[in-house]
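Participant: This is the structure, below, for whatever I ask next.
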Amino acid sequence: MPFLTSLTITIMPNHLSILGIIHTAISILAIISGFYALALDGKIIPSSKLGKIYIALTVITCLTGLPIMKLGHPTAGHYLAILILILLPIAIFVGRLRILGKLAEYIQVILMSATLFFSMIPAIVETLTRLPISAPLASGPDSPIVQKGLSCLVILFVVGVCYQLVKLRANRKSSSTTSKTV
């Protein structure tokens with residue numbers, strides 16, 4: 001029995017369950033794929049291969065996060081997961097709504113970026129309150145370093161979405177100019 005206790009501690013640093021480890025690994029892949037899509041395409045395109053990977057990994061992340069209750073009850077992270085699960089299908093299908101016209105693509109950019117933004121909130125909180133394992137940087141979500149990290153995230157989100165929308169508008173203008181001259 002002492003062997004199992006030491007094995008559990010070595011395999012699960014900082015008291016992560018097996019589900020917690022799986023959830024964390026998938027969430028890291030989801031966030032990486034989201035940022036990679038932003039770097040590659042300038043936005044997360046739900047119909048692209050990378051967009052589909054991001055969406056699938058994000059859904060799995062949200063679903064695996066729901067049963068994890070470190071405090072014994074739902075936390076803000078659970079509510080963010082539910083919000084993301086609501087926003088993703090809206091973001092996917094808003095582009096198909098012809099009634100919105102050109103506005104649909106702008107809404108899709110905002111919503112897809114919002115899902116990544118909401119995913120980053122627990123990522124920042126959990127990282128700062130768990131790492132380094134021996135002496136985490138923050139004691140909880142209200143710690144000044146966490147609050148500063150979240151403030152920076154909000155600024156990055158607003159700047160990033162504005163950049164995407166300006167770029168989308170410029171691309172629309174250049175493609176409409178090109179089609180008029182042809």
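Participant: State which residue pairs qualify: first residue in a loop (DSSP other than H, G, I, E, B) and inside segment 23-46, second residue surrounded by fewer than 19 Cβ atoms within 10 Å (Cβ to Cβ) and basic (Lys, Arg) in any location, beta carbons under 6 Å apart, and separation of 6 or more residues or different chains.
Facilitator: Gly42/Lys167
Participant: When residues of segment 59-86 are filtered for being β-branched (Val, Ile, Thr) and either more than 19 Å from Met112 (Cβ to Cβ) or in contact with a His (Cβ under 9 Å, 6 or more places away or on another chain) (or both), how many remain?
Facilitator: Narrowing segment 59-86 to residues β-branched (Val, Ile, Thr): 59-61, 64, 68, 75, 82, 84, 86.
Pick out the ones that are also either more than 19 Å from Met112 (Cβ to Cβ) or in contact with a His (Cβ under 9 Å, 6 or more places away or on another chain) (or both) and you get 60-61, 64, 68, 75.
Of the residues in that region, 5 qualify.
Participant: May I pose another question? Kindly indicate the residue of segment 93-118 that is crowded, with 17+ Cβ neighbours inside 10 Å and of a type in the set (Phe, Trp, Tyr) and also nearest to Phe157 (Cα to Cα) among those meeting that condition.
Facilitator: Phe117
Participant: Output the number of the condition that Thr127 fails; it satisfies all remaining conditions of (1) over 15 Å from Ala30 (Cβ atoms); (2) surrounded by fewer than 20 Cβ atoms within 10 Å (Cβ to Cβ).
Facilitator: All conditions pass for Thr127, except number (1).
Participant: While we're on this one: If you go through segment 56-111, how many residues are touching a residue at least 12 places away in the same chain (Cβ under 8 Å), among the small types (Gly, Ala, Ser) and assigned to a helix (DSSP H, G or I)?
Facilitator: 5
Participant: So, one more: Any residue in segment 77-92 that is modelled with pLDDT under 95 and surrounded by fewer than 12 Cβ atoms within 10 Å (Cβ to Cβ)?
Facilitator: No, the conditions are met nowhere in segment 77-92.
The values are calculated or read from the model by the stated rules, or taken from the named source; none is laboratory data. Keep in mind it's a predicted model, so treat the numbers as computed, not measured. With ideal geometry, Cβ positions are generated from the backbone for all residues, glycine too; neighbour counts draw on all protein chains shown.
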